[in-house]
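Below: the structure, in structure tokens.
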Amino acid sequence: MLNLMLDVDHHKESLLAVAEEEIVGHAMYVKLANSGDAKVAFVVEDEWQSKGVGKLLLFEIAEKARRRDIETFTGQVLGENRRVLGLLNAVFVEVEYVISHSLYHFRVPLRTLKQTGRPVRDLRRAA
């Protein structure tokens, strides 16, 4: 599973958050063909949520994507997942949503990545 998560190329990138020798979070993007967009996904273990892990992963993966000329992240989140909706607004200045059947389809321009409030890197990086 670890090899699959870290199998990256010029169309996708993956990051892991590791604490106490355990994987506590994962973020990845996959570039969409013939566009500057990429689908992004991230997950954080329950006991590590609200501790900055998601913010760190999202910020870092967005920085990496910008350096690879990706302009926009897109994705989906359930409407009841207020933590993720708040996280997007904490990391990006501009977040666009389209709501359909309790699902938020989001779009964030990577140029609006907030430089202030950069997360503290207190977790070891695995990738």
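None of the figures in this text is laboratory data; all of them are computed from the coordinates on show. Note that the coordinates shown come from a computational prediction; the quantities given were computed from them, not determined experimentally. Here the Cβ positions follow ideal geometry from the backbone for every residue, glycine too, while neighbour counts run over all protein chains shown.
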Under 8 Å between Cβ atoms, at least 6 apart or on separate chains: pull out the pairs that start in region 32-61 with a residue that is over 13 Å from Gly75 (Cβ atoms) and touching a residue at least 40 places away in the same chain (Cβ under 8 Å) and end on any residue that is β-branched (Val, Ile, Thr) and surrounded by fewer than 16 Cβ atoms within 10 Å (Cβ to Cβ).
Gly52/Val120; Leu56/Val120
Restricting attention to region 69-78, the residues that are outside any strand (DSSP E or B) and either within 15 Å of the chain's Cα centre (by Cα) or closer than 14 Å to Lys39 by Cβ (or both) number exactly 2
Which of the residues spanning region 86-119 are within 16 Å of Gly54 (Cα to Cα) and in contact with a Gly (Cβ under 8 Å, 6 or more places away or on another chain)?
Leu87, Ala90, Pro119
Any residue at all in region 50-60 that is outside any helix (DSSP H, G or I), under 16 Å from Ala90 (Cα atoms) and touching a helix residue (DSSP H, G or I) at 6+ places or on another chain (Cβ under 8 Å)?
yes
Restricting attention to region 85-109, which residues are within 21 Å of His26 (Cα to Cα), part of a strand (DSSP E or B) and in contact with a Lys or Arg (Cβ under 8 Å, 6 or more places away or on another chain)?
Phe92
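For (1) buried (at least 21 other Cβ atoms within 10 Å of the Cβ); (2) in a strand (DSSP E or B), each residue gets a yes or a no:
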residue	(1), (2)
Ser14	no, yes
Ala17	yes, yes
Ile23	no, yes
Val40	yes, yes
Ala65	yes, no
Glu80	no, no
Arg83	no, no
Arg111	no, no
Gln115	no, no
